[in-house]
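Structure, as structure tokens:
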Amino acid sequence: MWSRSLLVQNLLVPKKAKPQDDDADSANAVADRAVSSELQIAPPLSGNFDHALVNAVLSGEVGAASRFLEHVSTTLWSIVVKLVGDGADAEAAFLHIVASLKADDYARLRGFNGRSRITTYLSLVARDVLADQLAGQFSKTPREAWERFSRYFEADVRSRIAKQLPSKLGRAGREDAYQEVCLKLIENDFRRIRSYGGRGSFTGYILTVVDRILIDLVRRETPRRRMPAAISRSPPLDQAIYTAVVWEGCPLDADRLAAALRGRLVQDPTAADIAESVARLGGIVRLERTSPATEAVSLEALLGEGGSISIADSSPTPEDRLLLFEEEERRAALVAAINAAAEKLPSDERLYLQIVFSANEPLPARGIARLMGCPVEDVYRLKQRSQKWLKEITVQLEKNSDMSV
């Protein structure tokens with residue numbers, strides 16, 4: 001079984017052997033030093049020690065490179081196991097990091113200024129080294145690279161989701177956001193990932209891409225007031241009056257409405273036009289102002305006569321009732337259309353939809369992949385196709401609804 005101590009032993013070859021040491025003694029001394037570093041836990045060392053050790057390495061001091069590798073080998077190995085896993089891949093990654101550190105007379109160490117511990121500094125260096133290697137793998141074996149990529153960046157992506165998306169999103173919403181980010185990263189044959197041109201660190205590039213995806217998600221999910229379908233199919237004047245009265249609180253007065261609508265339409269409406277429009281709207285919905293749930297209410301507004309607290313009626317407004325009724329009708333029609341169209345889908349898409357819709361809680365992509373017995377990136381592609389399919393059904397339902405009016 002592979003042991004890190006043996007690997008370190010092969011790396012810690014002194015630059016100069018003492019004249020009195022024979023070959024056997026030198027080999028034994030190196031082995032003893034490697035094994036002792038493997039079995040003994042060194043006490044925490046100060047930043048001054050770290051800085052002095054790095055300076056000794058950079059100045060070419062005899063034995064400094066060996067002492068440095070002994071000092072940091074445990075840290076490097078723990079980083080490798082966390083990012084790459086154990087086994088042969090970990091061995092190769094460990095050697096690659098050490099080779100990168102030693103390149104150009106330890107050029108990567110020149111940025112260490114001693115203000116932090118060397119272990120912290122090397123964690124960042126090791127991540128960049130492995131990330132750059134991962135970037136090159138996407139041009140050769142993207143499917144294998146994606147497995148490493150998701151393990152490497154998952155914690156960072158989830159952390160950014162937690163910070164940038166609203167806290168009220170909940171666990172299910174954050175999981176959906178994570179899958180959405182992964183979906184954007186793998187679409188078009190990993191186009192966003194493979195667009196990395198080598199400038200700057202690969203890690204920084206990927207996190208910038210993730211930030212842009214999350215910005216788009218936030219913009220898309222920002223709540224907007226939705227006009228009822230019955231109103232949205234009405235003439236522009238009716239929609240403008242509905243917006244002015246229900247959303248903006250304009251009184252139902254012809255003169256006030258005329259002033260509020262001035263410049264909003266191609267031609268300013270007359271009093272007669274406004275009266276006819278109000279009459280049409282009255283047959284669809286009761287025209288009265290409704291406030292968004294997020295509108296601020298002053299404390300004075302809550303106090304009734306005598307200083308008692310008056311709580312507003314929480315029952316649905318006329319607009320809410322109309323929207324809820326339309327939503328129920330739309331949902332029932334959508335379910336019926338999905339059931340009818342699902343019979344024509346490929347078996348993998350039907351299985352995916354069955355798993356997703358039958359789960360009591362949202363399942364992570366890895367959980368769905370295990371149930372389906374397929375790679376996790378296939379699950380992201382299935383989600384993308386299913387979303388497109390559902391959107392097409394929804395659009396067709398809306399078209400049919402418009403034609404029936």
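For region 160-165, putting each phi into the Karplus relation 6.51 cos²θ - 1.76 cosθ + 1.60 with θ = phi - 60° gives couplings of 5, 4, 4, 7, 9, 9 Hz, in residue order, rounded to whole numbers and with x for Gly and Pro. Residue ranges 376-382, 78-84 sort as 376-382, 78-84 when ordered by packing (mean number of other C-beta atoms within 10 Å per residue, highest first). Could you list, in their original order, any pairs among Lys163/Lys383; Lys102/Lys184; Lys82/Lys391; Lys163/Lys344 whose Cα atoms are separated by more than 32 Å? Too far apart for the 32 Å limit: Lys102/Lys184; Lys82/Lys391; Lys163/Lys344. Contact order, relative form, for region 48-173: 27 percent (alpha carbon pairs under 8 Å, 6 or more residues apart, mean separation divided by residue count). Suppose we look only past 16 Å in the calculated P(r) of region 107-149. What percent of the Cα-Cα pairs does that tail hold? The share of Cα pairs beyond 16 Å in region 107-149 comes to 46 percent.
Plugging the Kirkwood radius over Cα pairs into Stokes-Einstein for region 94-202, at a temperature of 37 °C and a viscosity of 0.692 mPa s, what D comes out in µm²/s? D, rounded to a whole number, is 205 µm²/s.
When peptides 227-233, 277-283 are ranked by their average number of other Cβ atoms within 10 Å per residue, the highest-first order is 227-233, 277-283.
Values quoted throughout were computed directly from the atomic coordinates according to the rules given, and no laboratory measurement underlies them. Everything quoted here is computed from the prediction, not taken from an experiment. So basically every Cβ, Gly included, is an ideal-geometry build from the backbone, and we count neighbours across all protein chains shown.
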